[in-house]
Amino acid sequence: MIKFLVLIIASIQILFAQSIVPVRIHYDGGGDWYGNKTTWRNILNKVRQEFQLDVGEREVAYRITDPEFLKYPIAYIAGHGNIHFSDQEVKALRRYLVSGGFLFADDDYGMDASFRREMKKVFPELNFVELPFSHPIYHVYYQFDRGLPKVHEHAGGPPKGFGLIYEGRLVCFYSWNTDISDGCEDPEIHGDPPDIRAQALKMAVNIFIYALLN
């Protein structure tokens, strides 16, 4: 099964004329879009080790309305505070997602209300739904039989993975009450135990691979 998955991913690589990297959304509102500076360097390094994929060293960053934004198959957004999309960004993000793009949103603790508000503008007809533990995003490579790993306490209680599903396709995966991004940072930044950091990196790899296959 793993060899078959690697072959599929290798065929996907042919579709891209450049190394595969995610695009970090540079948004307004004051929600520190620029945080988690080592997160994607570590995720992409693990993807490279596991799949020998041509991935870049780290993510790029653009505004949703920048022409370059559309070149990247996976978008990423995180932060602790307010997120705001302009009317143009709302339209551009919807166009990106319904045309095959994928958004991974990770709540650093504090962006939940504003992120849900802005995504409702993007997809007024959709609501976030909690994904069952059987969903492929938890099993595409590594197995997470109980869903998201818990990295940081934040609000207490279990973490949850939410999704926006457009015409049968998961277009946005939103990890809440865990902070996968912090768990993927260099170990000295947050001091997370090695086992917690390993689980965060594995979950991030699942999200990345699922997004490429979705």
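No lab work stands behind these numbers, since they all come straight from the coordinates. Everything numeric here is computed off the predicted structure, so don't read it as measured data.
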Candidates L164, L70, L126; GNM for the chain (alpha-carbon contacts under 10 Å) flags as most fluctuating L126
Expressed as cubic angstrom per residue, what is the convex hull volume of the alpha carbon set of the chain?
115
quick note, segment 2-213, DSSP beta bridge pairs, % antiparallel (nearest 5) is 40
Excluding same-chain pairs closer than 8 in sequence, count the lysine pairs in the chain whose Cα atoms lie under 14 Å apart.
5
When the Karplus curve 6.51 cos²θ - 1.76 cosθ + 1.60 is applied with θ = phi - 60°, which whole-Hz ³J(HN,Hα) does each residue of segment 156-173 get, with x for Gly and Pro?
x, x, x, x, 9, x, 10, x, 9, 10, 10, 6, x, 10, 6, 9, 9, 10
What number, rounded to the nearest 500 deg cm²/dmol, is the helix-based mean residue ellipticity at 222 nm of the chain, given -39500 (n - 2.57) per DSSP H run of at least four residues and division by all its residues?
-10500 deg cm²/dmol
The answer for V55, listing residues at least 5 apart or on another chain whose modeled amide H is closer than 5 Å to its amide H, is I20
